[in-house]
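Laboratory data are not the source of any read-out in this text; all were calculated from the coordinates shown. Remember, predicted model here, so these are calculated numbers, not experimental data. Don't worry about glycine lacking a Cβ; one is built from the backbone with ideal geometry, like all the others, and counts go over all protein chains shown.
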Amino acid sequence: MLHSRRILLIISGGIAAYKALDLIRRLRERGATVRCILTAGAQQFITPLSAAALSGEKAYTDLFSLTDESEMGHLRLAQESDLLVVAPASADILAKMAGGIADDLAATALLATDKPILVAPAMNFRMWGHQATQDNLARLAARGVRRVGPNAGPLAENESGMGRMAEPLEIVDAIEKIFAADALLSGRRALITSGPTQEPIDPVRYIANRSSGRQGHAIAAALARLGAECVLVSGPTNEPDPPGVKVVHIETAREMLAACEAVLPADIAVCAAAVADWRADAATAKLKKKAGAVPMLKLVENPDILATLAKAGNRRPKLVVGFAAETEDIVANAQAKRARKGCDWILANDVSPASGVFGGENNTIHLVDEHGVEDWPAMSKRDVGDRLARRIAVFFAPKAAE
Ligand code: C5P
């Protein structure tokens, strides 16, 4: 399965471009998000409209398009993907890749990325056999570019030989293998909390907070991508359940604690939920308005889920990670919190209104552990999830995750 994997599919010129359309469909069936770039050559065989219709995303063609740039900078196209796939990869685009040429959007994206690249060559058998092509492939392989195909068989112009693009399902298989090699946390069980909790005041009113659940959900999805078996215990949010993750929906802090305890034993616990510190001593019937009388709410302390998990004795997950949403003295407060709660790592972030973190797309993290503080640059919450998941993989298997 390719749940929540983002693939940038670069379609270059060749009759096999029509098979790239089927590849889009196959990838989406498996849960991947696919964005396409079509070279000028590709557009002689298929149209951006068909790629856009099948991918459900805008298809990109020009390097210097003002409208595209304002929506999605050309460098971001590659950065916001997990894998670049060139299918079909013509002799020409392979030569550009080998030579570091960046004269169109496709070649630029391929040069401006540190993400893995898979090529599915397709060309005439003489072009395939030419020493220039073979030299280019050898250079690309030495740089870590992966290849699937080509196969031998009938080619265009009634010829036959080596040069047919691998079939879409073979390409899908090759892609799945690349991601499977990334399953650094397979066999590990992870518990993640996310979202706010809602604490009833009476049957119709509640106390809550502004947590969107985006960060916690992104962490669960990222751990699942690395092969962990994830259970996400979430308060009410608008976030969709992450694919490949078991989600337990709860409302109150006490329900969240019970759901978390039911998940143990686990190897990893990441508490990203914004749990209400207090709950109201809730009324069983709706509070009535009475002229001149304002009801007093009596607040009772909620259980601290992070601290409870961190102090769970022999049921304690091996790695317990908490968050510290702070508005001032971020790192000092996080260090104190780490000691108080008994967790291993604290991810501290600035949630002052100016930071836009609460409910926003981005986050700036300071990871506090027993050794000190690691400052991460500002990045999307998805990238925070991926970076944390990799950091966790290093914790469990330093060598494998290198
Ligand atoms: O104490 P504070 O709310 O700042 O701590 C934040 C961290 O503790 C977060 O990881 C949050 O998920 C967790 N927490 C919890 N249960 C609570 C309060 C906070 O798990 N009742």
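Nearest 5 is fine: what % of DSSP beta bridges in the chain come out antiparallel, could you say?
Values: 20 of 63 bridges.
So the antiparallel bridges in the chain amount to around 30 percent.
Would you calculate the separation in nanometres between label points at Met1 and Val300, each defined as 7 Å from the Cα along the Cα-to-beta-carbon direction?
Inter-label distance under the simple model: 3.9 nm.
Identify all aspartates and glutamates with a Cα-Cα distance to Lys96 below 19 Å; exclude those on the same chain that are fewer than 8 residues away in sequence.
By straight Cα distance, Lys96 reaches Asp62, Asp104, Asp114, Asp135.
Can you tell me the orientation of helix 168-180 relative to the chain, as the angle in degrees between its alpha-carbon axis and the longest Cα principal axis, to the nearest 10?
In the chain, helix 168-180 runs at an angle near 40 degrees to the longest axis.
Starting from the Cα of Lys288, draw a straight line to each of the lysines and keep only those under 30 Å, dropping any in the same chain fewer than 8 residues away.
Partners found: Lys298.
In degrees, nearest 10, range 0 to 90: what is the angle between the Cα axis of helix 381-396 and the longest Cα principal axis of the chain?
Long axis of 381-396 versus the principal axis of the chain: about 90 degrees.
Quick check on the chain: helices-only [θ] at 222 nm, where DSSP H runs of length 4 and up contribute -39,500 (n - 2.57) each and the sum goes over total residues. Nearest 500, please. Walk me through the numbers on the way to the answer.
On the way: 14 runs with 136 residues, N = 402.
Calculated at 222 nm, the ellipticity per residue is -10000 deg cm²/dmol.
Among Ala354, Ala312, Gly372, which residue has its Cα positioned farthest towards the positive end of the charge dipole of segment 287-402, with +1 placed on the Cβ of Lys and Arg, -1 on the Cβ of Asp and Glu, and the dipole taken about the Cα centre?
Selected residue: Ala312.
Could you order peptides 235-248, 253-266, 151-164 by the average number of other Cβ atoms within 10 Å of their residues, highest first?
Working: 235-248: 16.9, 253-266: 18.5, 151-164: 14.4.
Descending packing order for the listed peptides: 253-266, 235-248, 151-164.
If packing is taken as the mean number of other Cβ atoms within 10 Å per residue, what is the order of 335-342, 277-284, 20-27, highest first?
Working: 335-342: 16.4, 277-284: 14.8, 20-27: 21.6.
Ranking, from highest mean packing down: 20-27, 335-342, 277-284.
Sort 100-106, 137-143 by the packing proxy (mean of other Cβ within 10 Å over each peptide's residues), most packed first. Mind showing how you got there, number by number?
Numbers: 100-106: 17.1, 137-143: 13.4.
Highest to lowest by the protection proxy: 100-106, 137-143.
Roughly how tilted is helix 17-29, in degrees to the nearest 10 and between 0 and 90, from the longest Cα axis of the chain?
Between the helix axis and the principal axis of the chain, the angle is about 20 degrees.
Which aspartates and glutamates, if any, have their Cα less than 12 Å from the Cα of Lys341, not counting same-chain residues under 8 positions apart?
Within reach: Asp304.
Relative contact order (percent) for the chain, with alpha-carbon contacts under 8 angstrom and 6 or more residues of separation?
On the way: 854 pairs, mean separation 44.8, N = 402.
Rounded, it is 11 percent for the chain.
Whose amide H sits under 5 Å from the amide H of Leu83, counting only residues 5 or more places off or on another chain, with H placed in the peptide plane?
Here the answer is Arg6, Leu8, since their amide H atoms fall under 5 Å of that of Leu83.
Give me the dipole magnitude in Debye, nearest 20, for the chain about the Cα centre, with unit charges on the beta carbon: positive for Lys and Arg, negative for Asp and Glu. Could the numbers behind the result be given before it?
On the way: 47 positive and 47 negative charges, 220 e Å.
That gives a dipole near 1060 debye.
What does the C-alpha gyration tensor say about the overall shape of segment 117-163? Classify as rounded when a/c is under 1.5, otherwise prolate if a/b is larger than b/c, or oblate. Spell out each step's value before the answer.
Values: a/c = 3.47, a/b = 1.81, b/c = 1.92.
Taking the square roots of the gyration eigenvalues as a ≥ b ≥ c, segment 117-163 is oblate.
Provide the FRET efficiency to the nearest 0.05 for the Ala378-Lys311 pair, computing r from the beta carbons and using R0 = 35 Å. Please report the intermediate quantities before stating the final value.
Values: r = 33 Å, r/R0 = 0.94.
It comes out at approximately 0.60.
Residue by residue through segment 313-319, what is 3J(HN,Hα) from phi via Karplus (6.51 cos²θ - 1.76 cosθ + 1.60, θ = phi - 60°)? Round to whole Hz and write x for glycine and proline.
x, 6, 9, 5, x, 5, 10
What pairs from Lys58/Lys381; Lys246/Lys289; Lys246/Lys318; Lys246/Lys286; Lys58/Lys318; Lys115/Lys337 go past 32 Å between their alpha carbons? Could you put the intermediate results ahead of the total?
Numbers: Lys58/Lys381 23 Å; Lys246/Lys289 42 Å; Lys246/Lys318 20 Å; Lys246/Lys286 34 Å; Lys58/Lys318 43 Å; Lys115/Lys337 36 Å.
The answer is Lys246/Lys289; Lys246/Lys286; Lys58/Lys318; Lys115/Lys337.
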